[in-house]
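Student: Encoded as structure tokens, here's the structure I'll be asking about.
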Ligand SMILES: CCCCCCCC/C=C\CCCCCCCC(=O)SCCNC(=O)CCNC(=O)[C@H](O)C(C)(C)COP(=O)(O)OP(=O)(O)OC[C@H]1O[C@@H](n2cnc3c(N)ncnc32)[C@H](O)[C@@H]1OP(=O)(O)O
């Protein structure tokens, strides 16, 4: 991420972030939560999902995997904490801020023209016939569009609507160029656009409205 990037209202200490609503008006930004290997941990989870998407385990392997996965889930369950303190979504040093539910993206620049990122849809984002699932494309746009809106209006926003035009196949396992930008700001409303390219080829476009949250808004 560029050093001079403007950022929405942020906080590094959760204690400084009074929680007044169901969706915080501040975004925690961290680089240490979850420890130095949280990125590797996330990547192992993505690899697991990639493998599961294409796995056809014979019954005896399924028996073994179920036991191992149950043990892993028990261990993970014991480490669960609340949404506001969890590393996922706050680790700006990691792909998709360490949120494994998002298509992994790396923000390459944030400037007056918006947010620029490289996004890679994985095997587990398969829709069909080697193309990314349209819903996952929308997920990438929602997060990166929310980011561009937050930067433009200096506060966390919620999506009011989001339309995607699927112009051509969005390939898997290919670093794609994503760009989202605030096209127009009108009070709390941020009309935001976006595009994802595979080289010169336009894969998808976004047209969305994000609304800045009022203080304490649920
Ligand atoms: C240096 C490092 C920096 C790093 C920084 C990293 C930080 C990154 C920052 C950030 C990244 C994270 C990004 C995440 C993004 C994800 C976002 C989501 O997925 S949100 C979940 C899905 N969305 C919902 O669940 C919303 C459900 N809907 C609602 O809650 C409400 O309807 C809401 C908030 C959208 C609006 O409700 P109201 O009560 O606040 O406001 P009202 O008065 O209804 O609307 C305000 C204006 O907007 C128009 N409006 C509202 N909805 C509209 C619609 N669907 N279409 C057209 N206009 C609409 C209205 O007509 C009104 O316009 P008039 O002011 O009168 O001109």
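The values are calculated or read from the model by the stated rules, or taken from the named source; none is laboratory data. Just so you know, these numbers come straight off a predicted model, no measurement behind them. All Cβ positions, even for glycine, are placed from backbone atoms using ideal geometry, and neighbour counts span all protein chains on display.
Student: Those residues that are surrounded by fewer than 15 Cβ atoms within 10 Å (Cβ to Cβ) and in a helix (DSSP H, G or I), I need them from segment 31-40; list them, please.
Tutor: 40
Student: Just one of 207, 142 is within 16 Å of the ligand (Cβ to nearest atom), out of contact with any helix residue (DSSP H, G or I) (no Cβ under 7 Å at 6 or more places or on another chain) and assigned to a strand (DSSP E or B); which is it?
Tutor: Going through 207, 142 in turn, just one is within 16 Å of the ligand (Cβ to nearest atom), out of contact with any helix residue (DSSP H, G or I) (no Cβ under 7 Å at 6 or more places or on another chain) and assigned to a strand (DSSP E or B): 207.
Student: Just checking, how many residues over segment 95-118 are more than 12 Å from the ligand (Cβ to nearest atom) and either farther than 18 Å from residue 179 by Cα or in a loop (DSSP other than H, G, I, E, B) (or both)?
Tutor: So the answer is 5.
Student: Look through 210, 116, 124 and report the one residue that is closer than 30 Å to residue 52 by Cα and buried (at least 16 other Cβ atoms within 10 Å of the Cβ).
Tutor: Values: 210 fails: closer than 30 Å to residue 52 by Cα; 116 fails: closer than 30 Å to residue 52 by Cα.
One residue alone meets the criteria, 124.
Student: Hey, another quick one. If only one of 191, 121 is within 17 Å of residue 96 (Cβ to Cβ), modelled with pLDDT of 95 or more and more than 9 Å from the ligand (Cβ to nearest atom), which one is it? Step through it out loud before you land on a result.
Tutor: On the way: 191 fails: within 17 Å of residue 96 (Cβ to Cβ).
Exactly one residue qualifies, and that residue is 121.
Student: Would you pick out the residues in segment 44-85 that are in contact with a helix residue (DSSP H, G or I) (Cβ under 7 Å, 6 or more places away or on another chain) and not in a helix (DSSP H, G or I)?
Tutor: Correct list: 57, 84, 85.
Student: So is residue 150 in contact (Cβ under 8 Å) with a residue 60 or more places away in the chain, outside any strand (DSSP E or B) and either farther than 22 Å from residue 110 by Cβ or within 12 Å of the ligand (Cβ to nearest atom) (or both) or not?
Tutor: Yes.
Student: Separate question: On the basis of being surrounded by fewer than 19 Cβ atoms within 10 Å (Cβ to Cβ), farther than 23 Å from residue 106 by Cα and touching a residue at least 40 places away in the same chain (Cβ under 8 Å), does residue 187 make the cut?
Tutor: When the stated conditions are applied, residue 187 does not pass them.
Student: Return the residues of segment 156-179 that are within 8 Å of the ligand (Cβ to nearest atom) and outside any strand (DSSP E or B); say none if nothing qualifies.
Tutor: The one that is within 8 Å of the ligand (Cβ to nearest atom) and outside any strand (DSSP E or B): 156.
Student: Here are 57, 103: which of them is surrounded by 10 or more Cβ atoms within 10 Å (Cβ to Cβ) and touching a strand residue (DSSP E or B) at 6+ places or on another chain (Cβ under 8 Å)?
Tutor: Details: 57 fails: touching a strand residue (DSSP E or B) at 6+ places or on another chain (Cβ under 8 Å).
None of the other options fit; the residue is 103.
Student: Exactly one condition in (1) within 18 Å of the chain's Cα centre (by Cα); (2) touching a residue at least 24 places away in the same chain (Cβ under 8 Å); (3) crowded, with 16+ Cβ neighbours inside 10 Å is false for residue 173; which is it?
Tutor: So the condition that residue 173 fails would be (3).
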